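Report on the structure given below.
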Amino acid sequence: MLAVNDLAFSYGDNPLFSKCSFRIGNGRHAALVGDNGTGKTTLLRLIAGILKPDAGMVRYDGHAEMVSQFPAGMEAVSPGQGQMQRISRAFAKRPDILLLDEPTSNLDAEGIRKLTGMIGGFRGIAVIISHDIAFLEKAVDCVLMIEDRHIDLYDGNFEEFRQMRERNRNNQYQLYEVEQKQRRRQKRVAQKMKEKAAESRKSGGVSNSEAKARSLLGNYDKVQRRLSANARRMQKSLDEGPKNAKPYEKMGLKLLTTYQKPQKVRINLDFDGLSGHGIRLIDNSFSFRIRSGETVGLLGRNGSGKSTLLDEVEGRLEKRSCRVSRFRQEIQDVWEEGENLLSQLMKASGMPEQVVLDVAGALGLHADLLFRAPNELSGGQLLKAQLVLELVSPFDVLLLDEPTNYLDYDGVRALTEFIRNSEAAVVVISHDERFVEGCVDRTYLISDRRFSDYCDLGDYFGKDGI
């Protein structure tokens, strides 16, 4: 049993948790979800004993192992291989509690399937942070939700949790809309009362109904005071009455879509196989088709040559004077150390400040981070900044190499929606099943040193895939 009682924790003046309590029984596997900055990784570190709570306690029998999203130091192997090695070492220690922070980052489809099987056979408690919805749907049976400095435990699988959250959000909107309709009616009534009272004072006269009221009440002043008092009471009711807050809605990347004006592209790039770093990656000849308004998914195992092919595609497109934006998995040396990120993003892209702020916010990069210098940000934050830079820069073709690795659930949704509505040509490398299904129109596959059209995503991501 993992028991958290009255947990409180703050970073300086920033409280993350306040009197949080929950319990997870043996053998349960929990997804840990919440907006960026709400403290998901911090909670894992508190459970692991790396951090100490300000108040309350974390209790469990046995020992916990945590696999962090960002490993310490450089690794001699590829990111995907290093990730699987760290995960395998954690499982080999047979922990009672397993804490995984974005474990599918850098894993290919085969690696994700292997990890899903390992978790399925794990008899201890697992707490998992992940943006990969398809993975969570297969791996967990309950959900921890961090919101407003509290942690709630939802019993049921991730799909049931998502449906419940959607129902709650819809109910919030309905309550909000009903209240707004009532308030608009009350405002109209209050305004009419004010106008009636003002007109009465201005003219000194009275209407027939008011004349009757005056005869009943004794004099005109009483009628006027009554009208004014009713108007004030109605206004006070509007100002001080209970209100349902408007459900929080992220802006997403809708504003960016209106600013991006990609030129039409219709290109076929022909290749006589492909080599990289002295290694033959693709043996057969093939054609790579790029069209405006179409998103191509480039699939294959880690090391099959996807990123190398994207390098070739980028170079050939630039020779044809296409405007190309390319997001890479590695941190790029594109920043000036002494200048804040917001200034650099605006300068490099020519976009207005509000557009840059909206795009960054939608991807989980909060405004306060944009006013910092690049050397003050973590590796994951810098990669998000690089993604923001590529999205706000003008482009005709957008090349994205594993863009969702460091995004949260809402960030992935925002990016998916943007790609789906973009008029640019887009090429995506990703092992995120729901992301690929949500935005890709056509797929290419590199497998066994062969390039081919490949359309059956169910086979690729399923147990019979590569």
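The values are calculated or read from the model by the stated rules, or taken from the named source; none is laboratory data. Just so you know, these numbers come straight off a predicted model, no measurement behind them. A quick note on method: Cβ atoms are made from the backbone with ideal geometry, for glycine too, and the neighbour counts reach across all protein chains shown.
Can you tell me how many residues within segment 421-451 are small (Gly, Ala, Ser), over 18 Å from Gln329 (Cβ atoms) and either in contact (Cβ under 8 Å) with a residue 60 or more places away in the chain or in contact with a Cys (Cβ under 8 Å, 6 or more places away or on another chain) (or both)? Break it down into steps so the answer makes sense when it comes.
Step one: filter segment 421-451 for residues small (Gly, Ala, Ser), giving 422, 424-425, 430, 438, 447.
Narrowing the set further to residues that are over 18 Å from Gln329 (Cβ atoms) leaves 422, 424-425, 438, 447.
Subset that is either in contact (Cβ under 8 Å) with a residue 60 or more places away in the chain or in contact with a Cys (Cβ under 8 Å, 6 or more places away or on another chain) (or both): 422, 424-425, 447.
Of the residues in that region, 4 qualify.
Scanning segment 347-357 for residues that are in a helix (DSSP H, G or I) and surrounded by fewer than 22 Cβ atoms within 10 Å (Cβ to Cβ) returns Lys347, Ala348, Ser349, Glu353, Gln354, Val355, Leu357.
One residue is enough: does segment 156-167 have a residue meeting the conditions within 30 Å of Gly56 (Cβ to Cβ), modelled with pLDDT of 70 or more and outside any helix (DSSP H, G or I)? Yes, that holds for at least one residue. Exactly one residue out of Asp410, Asp396 is assigned by TED's automatic domain parsing to the domain that holds Phe271 and at pLDDT 95 or above, and it is Asp396.
Sort out which residues of segment 319-334 are part of a loop (DSSP other than H, G, I, E, B), touching a residue at least 40 places away in the same chain (Cβ under 8 Å) and not basic (Lys, Arg), and write them in order of number. Spell out how you get there, then give the answer.
Looking only at segment 319-334, we keep the residues that are part of a loop (DSSP other than H, G, I, E, B), and these are 320-323, 328-334.
From what is left, the residues that are touching a residue at least 40 places away in the same chain (Cβ under 8 Å) are 320, 322-323, 328-329, 331-332, 334.
Those that are part of a loop (DSSP other than H, G, I, E, B), touching a residue at least 40 places away in the same chain (Cβ under 8 Å) and not basic (Lys, Arg): Cys322, Gln329, Ile331, Gln332, Val334.
Taken together, the criteria exclude Gln332 from residues that are more than 19 Å from Pro403 (Cα to Cα) and in the same structural domain as Leu387 (by TED's automatic domain parsing). Could you look through segment 91-137, keep only residues that are small (Gly, Ala, Ser) and farther than 14 Å from His63 by Cα, and pick out the one that is surrounded by the most Cβ atoms within 10 Å (Cβ to Cβ)? Going through the qualifying residues, I end up with Ser130.
Yes or no: segment 388-402 includes at least one residue that is charged (D, E, K, R), in contact (Cβ under 8 Å) with a residue 12 or more places away in the chain and in contact with a Gly (Cβ under 8 Å, 6 or more places away or on another chain). So that I can check it myself, show each step before the final result.
First, the residues of segment 388-402 that are charged (D, E, K, R): 390, 396, 401-402.
Those still in the list that are in contact (Cβ under 8 Å) with a residue 12 or more places away in the chain too: 390, 396, 401-402.
If we keep only those that are in contact with a Gly (Cβ under 8 Å, 6 or more places away or on another chain) too, we end up with none.
No: segment 388-402 contains no residue that is charged (D, E, K, R), in contact (Cβ under 8 Å) with a residue 12 or more places away in the chain and in contact with a Gly (Cβ under 8 Å, 6 or more places away or on another chain).
The lone criterion from (1) modelled with pLDDT of 90 or more; (2) part of a loop (DSSP other than H, G, I, E, B); (3) over 20 Å from Asn5 (Cβ atoms) left unmet by Ser105 is number (1).
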